[in-house]
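A short worksheet on the structure shown next.
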Amino acid sequence: MASHEDDEEQDRCRICFGGHDDGPLVRPCTCRGSAKCVHSACLEKWRRTGPREDAAYRCGECKDDFQDPLSLELLRERLQAERMNGQATITTLGTLASELQTQGHGDEAEPLLREQLEKTRETFGIRHPSTLLTMTNLGGALRQKGDLVAAESLYREALEVQRETLGNRDPHTLLVIKSLGVLLLAKGDRAGAEQLLREALEGFRETLGNRHRDTLNSIDSLACLLELKGDFAAAGSLYREALHVQRDTLGSRHRLTLATISRLGVMLLDRYTPGCQDGDLAAAEPLLREALKGRRETLGNQHPDTLASIEFLAMLLQDQKRREELPAREQRIAAREQMKDDIAAHRLAAFLAEFVL
Ligand SMILES: [Zn+2]
Ligand SMILES: [Zn+2]
C-alpha cells in the first residue's frame with residue numbers, strides 16, 4: 001500500500017494547511033481532493049464558532065452529517081439559548097430531533113418532535129409542508145420505539161394531504177410513501193410494503209435520478225424487502241447498483257457504502273443454501289472482510305456496526321469449518337438452516353433500527 005502512504009504524506013488540513021506534524025488529520029465527510037483532510041481541533045473550532053447555521057452538525061461543502069456527540073452538544077446548546085431568549089425554536093427542534101434519531105437516541109427525539117408539531121400546526125396550519133414533514137418525522141420516532149399503530153396513522157394522515165397538495169411525484173410525498181412502506185414491512189404486510197416501496201423508488205428515479213441519496217435509500221429498502229421474500233437475484237442486482245454508485249460518489253470507506261457492502265455480503269452468505277452454488281459463499285467472504293476492515297478503521301473496534309461485522313464474518317468462518325468437519329449432508333443442511341434463521345432475524349432488526357425517516 002505504498003501509494004496510500006504517499007498520499008498521507010501530502011495530506012494537508014483544509015483549514016490551517018498544516019500537516020500530520022500539527023496534529024491528527026481526520027476525514028470527517030465525503031469531501032475529496034485537497035479538502036478531504038482536516039485537524040480534529042481545527043474542525044471543532046470551526047464547528048463551535050462558524051457563522052453558518054449548519055456548521056454545528058454538517059460539512060458546509062458536501063453537506064455530509066458529522067453524526068457525532070459534538071453535533072448533539074452544539075444543537076442542545078442552541079435550543080437552550082433560543083428558549084432563554086424567547087426565539088423561534090421550530091428549526092432547531094427538528095434538526096436536533098433528527099440528529100438524535102440518526103444517532104440512536106429516538107426516545108429523546110420524540111418529545112422534541114411533539115413540541116415541534118404543536119408549534120408548526122399553530123404557526124403554519126395543518127396542511128403546510130413543514131407541519132406534514134414534522135408529522136412524518138414523529139411517525140419515524142414512534143416507529144423506532146415500536147408504536148407502529150400511532151406511527152402508521154401519522155404517516156397515512158400526512159400522505160393523504162401530500163398526495164392531494166403536492167402530488168404523487170413530489171420528493172416529500174415519495175419520502176412518506178417509502179416510510180409507510182418500511183412500516184408495513186415491520187408489521188409483516190409484505191405485499192402492502194412492496195407496492196409502496198416500488199412506487200417510491202420509481203418516483204425517486206424519475207424525479208431525482210439514479211444517483212441521488214434518496215434514490216439510493218429507496219433502492220436499499222426495496223432490496224431488503226426482496227431479500228426477505230427470498231428473491232435474491234433481484235435484491236442482489238439492486239444492492240450492486242447502489243454499491244456501484246456509492247463507491248463512486250461517497251467512496252468505499254463511507255458508512256453508507258460499508259452498510260451496503262455488508263448487506264450484500266450477508267445476503268450472499270444467507271443464499272448459501274442446499275442447491276445453491278459454492279460461489280456465493282466465496283463471493284460473500286471478501287465483502288464481509290472489506291466491511292469489517294472499513295468499519296474497524298473508520299468506526300473503531302467497539303462500534304455496534306463493527307461488532308455486527310465481526311459476528312457475520314464469524315458465522316461465515318464457522319460454517320466453512322462445519323462443512324469441513326461434518327461431511328454428512330444432513331448435518332450440513334441443518335447447520336445452514338440455523339445460520340439462515342440467525343442472519344434473517346439479525347438483518348431485519350438491524351435494518352429497522354437503522355431506518356430513520
Ligand atoms: Zn488544521
Ligand atoms: Zn465535506
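The values are calculated or read from the model by the stated rules, or taken from the named source; none is laboratory data. This one's a predicted model, so the numbers in the text were calculated from it and none came from an experiment. Because the Cβ atoms are built from the backbone with ideal geometry, glycine has one as well, and the counts that use them run over all protein chains shown.
Restricting segment 59-74 to residues that are of a type in the set (D, E, K, R) and closer than 17 Å to Thr298 by Cβ, which is farthest from ligand 2 (Cβ to nearest atom)? Break it down into steps so the answer makes sense when it comes.
Of segment 59-74, the ones of a type in the set (D, E, K, R) are 61, 63-65, 68, 73.
In the following step, the residues that additionally are closer than 17 Å to Thr298 by Cβ were identified as 64-65, 68.
Working: Asp64: 5, Asp65: 10, Asp68: 14 Å.
Among residues in segment 59-74 that are of a type in the set (D, E, K, R) and closer than 17 Å to Thr298 by Cβ, the one farthest from ligand 2 (Cβ to nearest atom) is Asp68.
Give Ala41, Ala55 a once-over and let me know the one that is surrounded by fewer than 18 Cβ atoms within 10 Å (Cβ to Cβ), among the small types (Gly, Ala, Ser), within 13 Å of ligand 2 (Cβ to nearest atom) and closer than 27 Å to Leu72 by Cβ.
Result of the check over Ala41, Ala55: Ala55.
Of all residues being part of a helix (DSSP H, G or I) and of a type in the set (Lys, Arg) in segment 113-147, which is modelled with the lowest pLDDT? Just the residue, please.
Lys145
Give the residues of segment 24-38 that are away from ligand 2 (no atom under 13 Å from the Cβ) and out of contact with any Asp or Glu (no Cβ under 7 Å at 6 or more places or on another chain), sorted by residue number. Before you say what the answer is, go through the steps one by one.
At the first step, the residues of segment 24-38 found to be away from ligand 2 (no atom under 13 Å from the Cβ) are 24-25.
Correct list: Pro24 only.
Give segment 78-104 a look and list any residue that's part of a helix (DSSP H, G or I), under 22 Å from Cys29 (Cβ atoms) and not β-branched (Val, Ile, Thr), or say none.
Arg78, Gly94, Leu96, Ala97, Ser98, Glu99, Leu100, Gln101
Checking the structure you have, find out if any residue of segment 254-261 is among the β-branched types (Val, Ile, Thr), crowded, with 18+ Cβ neighbours inside 10 Å and touching a residue at least 40 places away in the same chain (Cβ under 8 Å). Talk me through it step by step, then tell me what you get.
At the first step, the residues of segment 254-261 found to be among the β-branched types (Val, Ile, Thr) are 257, 260-261.
Still in the running and crowded, with 18+ Cβ neighbours inside 10 Å: 257, 260-261.
If we keep only those that are touching a residue at least 40 places away in the same chain (Cβ under 8 Å) as well, we get 260.
Checked against the condition, which is being among the β-branched types (Val, Ile, Thr), crowded, with 18+ Cβ neighbours inside 10 Å and touching a residue at least 40 places away in the same chain (Cβ under 8 Å), segment 254-261 yields at least one hit.
With the requirement that a residue be under 15 Å from Thr30 (Cβ atoms) and of a type outside the set (Ser, Thr, Tyr), what does segment 238-259 give you? Walk me through it before giving the result.
Residues of segment 238-259 under 15 Å from Thr30 (Cβ atoms): 245-259.
Scanning segment 238-259 gives Val245, Gln246, Arg247, Asp248, Leu250, Gly251, Arg253, His254, Arg255, Leu256, Leu258, Ala259.
I need the full set of residues from segment 251-269 which are closer than 16 Å to Ser218 by Cβ and out of contact with any Cys (no Cβ under 9 Å at 6 or more places or on another chain), in order please. Quick ask: steps written out before the conclusion?
Restricting attention to segment 251-269, the residues satisfying the condition of being closer than 16 Å to Ser218 by Cβ are 256, 259-260, 263.
Those that are closer than 16 Å to Ser218 by Cβ and out of contact with any Cys (no Cβ under 9 Å at 6 or more places or on another chain): Leu256, Ala259, Thr260.
State whether the residues of segment 8-21 include one that is surrounded by fewer than 19 Cβ atoms within 10 Å (Cβ to Cβ) and away from ligand 1 (no atom under 16 Å from the Cβ).
yes
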